[in-house]
Every structure is written in structure tokens, then in C-alpha cells.
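> Following this message is one structure expressed as C-alpha cells.
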Amino acid sequence: MNKMGTIIGFTFKNKVKTKSFLITTLILMLLLSIGMNIPYFIKVFQGDDGAKNTGIHVAVVAETGGRASDLLKNYASGVTVEGGATVDQYTSADDAGLKKALEEETLDGYIQLGTESETGLPPVTFYSPDGDIDGEVQTFLQLGLQQVNAQLIAGDKLTPEQIGAMNAPVPIDTKQISTEGTASGETDEEKDAPPIINYVIVYALLMMFFMSIMMTGNMIAAEVTSEKSSRIMEILITSASPLAQMFGKVIGIFLIGILQIALIAATVAINLNLPHNASILTDFDLDLGQLNVNLLIYGLVLYVLGYFLYALIYAAIGSIVSRTEDLGQAVMPITMLGLVTFYIPLFSISNADTMLVKVASYIPFTSPLSMLLRIGVGDVALWQILVSLLILLVSIFVFGWLAAKIYRTGVLMYGKRPTIKEIRKAMKAYKI
């Protein structure tokens, strides 16, 4: 046990200091930071970093009468947008104050109203320096003028609150139904659809777990193969048993994977807490309070189990390869299997209850990510999660036993890559 602890510590310290780990981790953190701050960078390069007024600022030019203008101004006072909304009133488009405001870019533009009529709002034309209208300004004017038009038509028959309620969009709630059991006369089970934050977290975890498992797996195989090709393995084998070496490397690099995930999570958290990113979650209608905590707990368990399953296989493959040049070809089948494991839930994220995802959630190689998808945004019972975890745990013990035998015999087999028959013959001489 002491020897395994030494191997774990040595593997962790040695790999953390390597240029490949440092550069890869820094690049990932840098790309995440850049991606999360792109909107801010765009504003800075466009000169919108605070020099220009925020919010909606428009003017109304009404040559005769000002009731529509007054109603729009009252509407603006009740609108809640970042920076607020203001409506200035002018009687002529040639007004010096209006021209100055347009030159100083304190106005997004102005609308000109024709002669008021008894049938409602007169014709409206929007003027701006570039001839375009910003999407936020357009939405504000459309909603505001719609309410003004209703007030002009209704007169004193309806209160502003009643008109506002009449023009307010009708909210539509979403529910998810399960049709299982309807054939026997049971009613459909109705439940709330998963919140958007769950989809975001599932997508992020799928990407993070896949990259971490594949990177650390290849790291294990490369570590074993390099020691074997340099004949260092012959010295190591005399100081520690092959099993202690294999599990020591697997656990040591597992700690590296956890460290990498922690650094990425810390990068995301730091960027979310930057002042200019304070509203990034609300802008995308994301509420961390709706996050399913069980998703994070099960996600960690599935990551750990999935890592050990793939790591043991990578270690076994690395032990039978004598040259690092042959390693890429040897691990290709496992890499392809890992891609299948990743793409099944990735392309099914909009419909997590397909038969393909359900079957994949019970197959050991694909279950870590497929079951994660079902837990996050699908419909899965507790017993199904437990069965999937049990199958995955049993598979780890089986493949761990097989990997230990392959590792024990493979690390001392040099020359060309041994055939399956040769490995099987050598494994029979070693009992675990």
C-alpha cells in the first residue's frame, strides 16, 4: 500500500509539471474566458464600453396635438429595461435640440407622427442617422405604440391597466408527459419540463467529462508505453508489483483529471462573477436556483466510474505496446468507442427518452454519459439509475481483473505487438 501511495504521488507530481498538461489546461481556460467575454469585447471594440448612453432613448415629433406623444412617454416610464427608456417630445424635426441630440448620439432616433385621427394612431415613421432601427428599440416602439393605439381608440372606456393587460402576451407553460402505461388504461403522468439550466449543465458536463476521460486515458497509455520502450519498466518491476504500478498510475492521473475539471469550473465561476458578466445568466433566461442538485451528484459518480473503466483499458493496451509510435493505432478502437459514447447523448439532448439513449444507459461503455443525459433532462426512475450504476461497477471489477492480468504479462513482452493468442497463453501463467 505504501508503494502504491508513492506511485500515486510520483505520477501526479510528474504529470502536473509536464508542458502538455500545463499548455492544454491553460488553453482550455483561456478559450473559456474569451468565449464568455466575447459580448463585452465586441462592445469595447465598437466603442460601446460606457461612452455611449445605455437604455432606449427616442424622441417623438408631433406637429399637431401631443396626446399620442404623451401616452408613449407615460408608457416609457413604466418599462423596465437596462438603462431605462425615455421619450423626448418635439414639435418640429428642425428643432435645434433634436439635431444636437442626434449629433451627440444621445438619441437612438425619432418617430414622426402625422395628423391625429379619430380612428386611432396616425402614420408613424422612424428616423435615425443610419436609417436602421435597433431590435430593442423596435420592440419597445411596437409594444408602446400598440398600447397607445388601443388607448386612443378606447378613449376613457378602459383604464391604462386594462389596456396593458389586454396587450400583454399570454404566458404558455410547458409540461412533459410520459405515455408509458397508457395501453393498460392508465392516465398519462404529467410533470414540469426540465428547466433550461439543466440542458446547459448537461451539455457542459458531457463536453468536460468526454475530454477529461479521453485525455487522461491517453496519458495513462502513453506513460506505460514510454516506460516500457525505455526499459525503465524492468527496474520498476523489481521495486513494486505490476498491480501497484497500474492502479497507482490510474489513481494518480485520476487526481490530475479532477484537478483539471476543478480549474475549468473555477474559470467559469470567476468569469461569471466579473462586473460586465453580472447579467449573463438573466440575459439567457438561466436560473441557478432551478438547477437539479442530483444532476451534479450523479454526474460526479458517473464520471468517476466511467474514468476507471476506460483508464484500466487504456493501461492494459499501453502495456502490450512496445513503441510509442504504435500507440495511436493500438488505442484507436477505444477512441472510436469513446466518440460513440459522446455522440449518442450529444445528438439526443433534445429528446433524452429515445430507445437508443435508454439502451445506451445500461451498456457499461456508453452508460456514464447516456445516463447523465437521462438524469439531467430525461425521464428516469431511481431503480433505473441504480441498475445502470451496478452494471457499470461490476464491469469495472471485471475489466479491472482482465486489465491486471494483461498488464502483468504485457509490460515484460517486448518486440512486436503480441497477438491475442500469445497474451492469453501468458495470462494463464499468472493468477490473481
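> Among 398-405, 360-367, 315-322, what's the highest-first ranking by average C-beta atoms within 10 angstrom per residue? Can you show the working numbers first?
Details: 398-405: 18.6, 360-367: 21.0, 315-322: 24.6.
Ranked by mean Cβ neighbours within 10 Å, highest first: 315-322, 360-367, 398-405.
> Still on this structure, please answer the following. Each residue of the stretch 28-38 in turn: what ³J(HN,Hα) in whole Hz from Karplus with 6.51, -1.76, 1.60 and θ = phi - 60°, glycine and Pro shown as x?
4, 5, 5, 5, 4, 5, 5, x, 6, 10, 4
> Return the whole-Å distance between the Cα centroid of the stretch 321-335 and the Cα centroid of the stretch 67-106.
Spelled out, the Cα-based centre of one part sits 69 Å from the other.
> Something else about it: How much accessible area per residue does the stretch 328-381 have, counting only protein heavy atoms and a probe of 1.4 Å, in square angstrom? Numbers along the way, then the final one.
Values: 2190 Å² over 54 residues.
Solvent-accessible surface per residue comes out at 40 Å².
> I need the phi-derived Karplus couplings for the stretch 399-406: 6.51 cos²θ - 1.76 cosθ + 1.60, θ = phi - 60°, integer Hz, Gly and Pro marked x.
Those phi angles translate into 6, x, 5, 5, 5, 5, 5, 5 Hz.
> What is the extension gain from Glu136 to Leu296, computed as 0.36 nm multiplied by their sequence separation minus the C-alpha to C-alpha distance, in nm to one decimal?
Numbers: separation 160, 0.36 × 160 = 57.60 nm, distance 3.62 nm.
So the extension gain works out to 54.0 nm.
> Give me the percent of the accessible area of the stretch 299-393 that comes from carbon and sulfur atoms, probe 1.4 Å, all protein chains in place.
Details: 2810 of 3730 Å².
Reported share for carbon and sulfur atoms: 75 percent.
> Past the 17 angstrom mark, what percentage of all C-alpha to C-alpha distances in the stretch 312-365 do you count?
Values: 690 of 1431 pairs.
Tail of the P(r) past 17 Å holds 48 percent of the pairs.
The values are calculated or read from the model by the stated rules, or taken from the named source; none is laboratory data. Note that the coordinates shown come from a computational prediction; the quantities given were computed from them, not determined experimentally. Counting neighbours? That spans all protein chains shown, and the Cβs are built from the backbone with ideal geometry, glycine included. Please note that ligands, DNA and RNA were not included when accessible areas were found on the heavy atoms of the full protein model with its side chains. Shrake-Rupley method; radii C 1.70, N 1.55, O 1.52, S 1.80 Å.
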